[in-house]
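Peer 1: Dumping the structure here so I can ask a few things about it.
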Amino acid sequence: MGTLAGRGRVPVQAVFIGVLVPLATLLLSGGTWLAYRAETREQVENLRREAGASTGQLATSLTLPVWYLDEPQIGLILDHVMENPAVELVALDTALEGLPEFARDRGADSRSRKDLIWIQRDIPYAGRTLGRVRVGFSTRFVAADLRAFLRESLWTLLGLDLLLVASVSILLWRVVLRPLGEIRRLAGLVSSGADVDSQAQGVPRYREFEAVHQSLLRTFALLKRREERYRTFFAHGPDGIVVLDPETTRILEFNDQACRQLGYTREEFQGLALADIEAAETAEDSARHIRNVMNAGIEDFPTLHRTKQGEVRDVQVTAQYIRVGGEPTYHCVWRDMTLRKAREAEVKKLHAQLIQSQKMESLGLLAGGVAHDMNNVLGAILGLASAEVETHGEGTSTRRSFDTIIKACERGAHMVRGLLRFSRTAPADERELDLNALLREEVLLLERTTFAKVHLALDLDPALGPMRGDASALTNLFMNLCVNAVDAMGEGGTLTLRTRNLDGQVEAQVEDTGTGMTKEVLEKALDPFFTTKEVGKGTGLGLSMAFSTVKAHHGRMDIRSAPGEGTCVTVRFPAAAGSGGAPPEAEAPPPGEAVKRLKVLVVDDDELVHASTAFVLKVLGHAVHAAWTGEEALRMIQEGLHPDVMILDLNMPGMGGAGTLDRMATLDPALPVLLATGRPDQRALDLVKAHPQATLLPKPFGIQELRARLDSL
């Protein structure tokens, strides 16, 4: 063990001495050199000051001899100056005529003269310059003093070096080398597995060594835990992490998520190249990305990856160029964005549907307002025309003209009801109806426009049972189905309308010979706003609204379609209970005057409605009183008017029909009120329900409907 310690002491001592002594010598040498430089500057400055003073005295002593042109005296003075061993050269230049130039020189060569200190002084006298004297002083005496100073410093430095070597050697032995020998011996005991405690008795450094040993063990354990944690983060991260060779793009390292995202096992994934999984980039694209990353250090970009099963996934890549152990690597993090992009697309789709829905809602509100105004106009025309029919006999040209006007008004009223359904303000008018008759009316309505380019085939079961429903909503339902069928057939084809009874249900089919739908389109056919038509040629609401109508009637809808085989839409509704056939059409009341002459108060702000309603009532033989606002009507009743019935417009300025109806419930609760409105929405139904004396009278109305309402009072 002593030998082991001795082996360790000599090289360590040599290392410390070899490093510390030259370092100390270098520091001391630097200090000596700085001191030498400072001493040199000081000696030269002293010599320069003394030379300046001596030259000044020489110039003063030469003043009179030069003035009096005393050449011998000048020569004596210059010779006296040359007796100074520090003076190498003295020269006198005069400005007076008659005096030559004087000079004394020790014969120094040109190289020596470069080291001289030159001092020049003017010779003044009586305000003028008689000449100038120049003296060259040698620095050899200063150099000799400096060399002596340098020799003393070097000897002092050598002594300090020797003292330092001895001190450092002793210090190294006592403080470093001997403890290192003990530690090395104890380290050998620990590594050999010997009983260190029993052999370390009396070793003063053992406890310190053991503390260091335990600290190292704790450090190693901490490093191991950190490495395990890093490995865990790398292996089980939520994103795919791969390390590629930038030259070959081969995968060098990867975590479980990287191969799991693409459906590979670790064995299959090992050794794949970037080209094996890239679905969007070519080899040139990948090489360009790698170059960009190498230049910028890091880059984010989207791409597509192909799984083992061939599925294409959206991926966001963060690539970084780093060096590991001096080797360049291409470090990538892959985040699968497929689900997120699908969700974003769905959100975008829903947002577009919301915007479209808001547009349709606004359009519906506009349609409702237009429908109200149109009903007033149609009401005036229908009222006057139906009243004129009463005054002309059958078969006359005038009667036929008015019949045509009435039919046009009825068709316009049908269009207005369509607008009201579109704005969702028209209430459901459920009654028993014949689906065959409804389809025939549908055909008559569309045969001159939509059906002009297709062949229509009707297969209607004559024994079809009745059903209960809203005729207007069902008309709109089959209109949408027929229009879609005709659009699918392009320039020609066959459209078949078919009905039959089926297990207590009434079934109707709309079948075309058009292009048909793929499975993907068929799955989305009932989605709101989904359409395969060009922008501006469809809202995507036709089938979804038709489906909503079927559901509202407690029915079901089935669609059968295939590309090139056409489409068949089947709807089924519950048959009306206890009915064996189609409901009989209600007979119109016979023409002629009213059974009883009534006093009618007409309250409406529209001049056309006022005029037409008054004319119809007079034709029916009733007395008419007119008011333009609800306030005026109430004032007339308070002033003594006792009408038998009031025809009250719901939508008026001021207190309106609703406010007037509320006041009439207090003023004359028994007075019958026909609440006329061109927009029979839920608000109108609620008013009629809240006031038993009120009855809803939808606009437009003709003489027959008005006669029936008045005769029923």
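The values are calculated or read from the model by the stated rules, or taken from the named source; none is laboratory data. Bear in mind the structure is a predicted one, so any value in this text is a computation, not a measurement. Cβ atoms come from the backbone with ideal geometry, glycine included; neighbour counts cover every protein chain shown.
Peer 1: In the list Gly640, Gly657, which residue meets the criterion of being of a type outside the set (Lys, Arg) and either within 25 Å of Val416 (Cβ to Cβ) or in contact with a helix residue (DSSP H, G or I) (Cβ under 6 Å, 6 or more places away or on another chain) (or both)? If you could, list the steps in order and put the result at the bottom.
Peer 2: Details: Gly640 fails: either within 25 Å of Val416 (Cβ to Cβ) or in contact with a helix residue (DSSP H, G or I) (Cβ under 6 Å, 6 or more places away or on another chain) (or both).
Checking each option against the conditions leaves just Gly657.
Peer 1: Pick out the one residue from Arg468, Arg448, Arg411 that is at pLDDT below 80 and either surrounded by 16 or more Cβ atoms within 10 Å (Cβ to Cβ) or assigned to a loop (DSSP other than H, G, I, E, B) (or both). Please lay out each step first, then the result.
Peer 2: On the way: Arg468 fails: at pLDDT below 80; Arg411 fails: either surrounded by 16 or more Cβ atoms within 10 Å (Cβ to Cβ) or assigned to a loop (DSSP other than H, G, I, E, B) (or both).
The unique qualifying residue is Arg448.
Peer 1: A further question follows. Of all residues in region 280-326, which are at pLDDT below 80, surrounded by fewer than 12 Cβ atoms within 10 Å (Cβ to Cβ) and closer than 26 Å to Arg266 by Cα?
Peer 2: Across region 280-326, the qualifying residues are Thr282, Val324, Gly325.
Peer 1: Restricting attention to region 634-649, which residues are more than 15 Å from Lys599 (Cβ to Cβ) and in contact with a Lys or Arg (Cβ under 7 Å, 6 or more places away or on another chain)?
Peer 2: Residue satisfying the conditions is Leu634 alone.
Peer 1: From the list Leu481, Leu495, Leu522, Leu474, exactly one residue is at negative phi, among the hydrophobic types (A, V, I, L, M, F, W, C) and modelled with pLDDT under 80. Which is it?
Peer 2: Within the list Leu481, Leu495, Leu522, Leu474, the selection yields Leu522.
Peer 1: Which one of these does Ala148 not meet: (1) surrounded by 11 or more Cβ atoms within 10 Å (Cβ to Cβ); (2) of a type outside the set (D, E, K, R); (3) in a helix (DSSP H, G or I); (4) at pLDDT 70 or above?
Peer 2: Condition not satisfied by Ala148: (1).
Peer 1: Any idea which of Leu382, Leu339 is modelled with pLDDT of 75 or more and surrounded by 16 or more Cβ atoms within 10 Å (Cβ to Cβ)? Full working, then the answer.
Peer 2: Details: Leu339 fails: surrounded by 16 or more Cβ atoms within 10 Å (Cβ to Cβ).
Result of the check over Leu382, Leu339: Leu382.
Peer 1: Please give the helices (runs of 4 or more DSSP H) falling wholly within region 55-144 in which 3 or more residues are modelled with pLDDT of 80 or more and over 23 Å from Arg41 (Cα atoms). Quick ask: steps written out before the conclusion?
Peer 2: Working: elements: 63-67, 71-82, 110-113.
Once the helices (runs of 4 or more DSSP H) in region 55-144 are filtered for at least 3 residues that are modelled with pLDDT of 80 or more and over 23 Å from Arg41 (Cα atoms), what remains is 63-67, 71-82.
Peer 1: Okay, moving on. Quick one: is Pro669 assigned to a loop (DSSP other than H, G, I, E, B), farther than 23 Å from Met374 by Cα and not hydrophobic (A, V, I, L, M, F, W, C)?
Peer 2: Details: assigned to a loop (DSSP other than H, G, I, E, B): yes; farther than 23 Å from Met374 by Cα: yes; not hydrophobic (A, V, I, L, M, F, W, C): yes.
Taking the combined requirement at face value, the residue satisfies it.
Peer 1: Separate question: Out of Thr613, Thr629, Thr666, I need the residue that is at pLDDT below 90 and under 25 Å from Ile381 (Cβ atoms). Which one?
Peer 2: Thr613
Peer 1: What are the pairs, 6+ residues apart or on separate chains, where a residue within region 509-534 that is β-branched (Val, Ile, Thr) has its Cβ under 6 Å from a residue that is modelled with pLDDT under 70 and part of a loop (DSSP other than H, G, I, E, B)?
Peer 2: Going by the 6 Å Cβ cut-off, the qualifying pairs are Thr531/Gly538; Thr531/Gly540.
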